[in-house]
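Derivation of every value follows stated rules applied to the coordinates shown; laboratory data play no part. What you are looking at is a predicted structure, and each value in this text was computed from that prediction instead of being measured. We place every Cβ from the backbone using ideal geometry, glycine too, and count neighbours over all the protein chains shown.
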Amino acid sequence: GEAASRLPCSVQLLVPLGMLCAFLTSLVGMSITSFTLHVRGLVGMVLGPTAANTEWSLGALFMELGHVTEIANPALLFCYQFVFVVTCCALPLIWIVLILAIWYLPMRPRALKSLLVVGEITYAWSMLDVFAVILAASLLELDQVAKFTLGDECDTIDKVLSDYPQLEQQLHLPGEASCFGVAPTLDAGWWLMVLGVLLANLAGGFVVCAAHTALRERSDQVQRLK
């Protein structure tokens with residue numbers, strides 16, 4: 001609080017504005033479609049345009065975790081859901097709120113230290129940035145992994161489609177002349193989450209550094225008075 005008042009007006013305006021934009025973009029990014037899975041080839045044609053194109057958001061992933069398999073213990077799946085929603089949804093937003101509190105609220109040094117510790121622990125467990133990176137990396141390899149898992153089950157069909165290219169036009173195969181393929185796309189939700197993470201890290205990092213600087217200055221003042 002006090003350290004912020006000594007900074008230029010432009011900084012005093014840009015930091016909270018950046019954190020507010022980070023909060024809103026992250027929240028919207030979590031709410032809308034993050035990625036879409038497009039099933040291509042003959043399987044995509046059989047499924048039809050609706051079933052072959054599946055949109056996923058963080059909320060949809062959270063709901064799917066609860067019944068992704070019938071083999072696992074339901075209590076274990078609930079734990080996965082809880083960890084996912086806390087680390088990827090709740091804590092990233094809570095960290096932004098804590099940073100705004102550090103920036104705006106006038107506090108005694110002890111209270112500021114405590115809030116900084118809480119904020120840094122919250123940041124350490126915020127996994128939205130990790131989720132965004134893992135999601136992008138895994139989607140890049142999804143088609144290759146899916147075809148590897150399928151093995152040679154589609155080799156005969158792929159050979160026929162390759163030998164008779166006119167079949168692709170007659171069947172109107174989506175995407176590629178093959179038995180099966182997956183073409184994932186990153187949608188607006190993913191880009192908004194990445195933007196929110198970048199803004200939060202830039203503005204939040206500045207606030208944390210400013211708070212530690214203010215604590216050191218206050219400590220030096222106390223030492224000089226002794």
Checklist outcome for this item: Of the DSSP H helices in the chain, the ones reaching 30 Å or more along their long axis in Cα terms and averaging at least -1.0 in Kyte-Doolittle hydropathy are 9-31, 128-150, 188-225
Checklist entry - Counting only Cα, what are the radius of gyration and maximum Cα-Cα distance Dmax of region 30-100, in Å? => result 16.2, 52
Next on the checklist: I need the shape label for region 57-97. Rule: rounded when a/c is under 1.5, else prolate if a/b > b/c, else oblate, with a, b, c from the alpha carbon gyration tensor.
Outcome noted: oblate
Item to check | Relative packing of 20-30, 47-57, which averages over residues the other C-beta atoms within 10 Å, highest first | outcome: 20-30, 47-57
Next on the checklist: Using only DSSP helix segments of four residues or longer, with each worth -39500 (n - 2.57), what per-residue ellipticity at 222 nm results for the chain after dividing by its residue count and rounding to 500?
Outcome noted: -24000 deg cm²/dmol
Next on the checklist: At a 4.7 angstrom Cβ threshold, list every cysteine in the chain that has nobody to pair with, or say none.
Outcome noted: Cys9, Cys21, Cys79, Cys88, Cys89, Cys209
Item to check | Residues whose placed amide H lies under 5 Å from that of Val182, excluding near-sequence neighbours | outcome: Arg40
Checklist entry - Using unit Cβ charges (K, R positive; D, E negative) and no other charged atoms, how large, in debye to the nearest 20, is the dipole of region 2-225 about its Cα centre? => result 1640 debye
Checklist outcome for this item: Sorting His67, Gly119, Phe35 by the position of each Cα along the dipole of the chain (Lys, Arg +1; Asp, Glu -1; all at Cβ), the one nearest the positive end of that ordering is Gly119
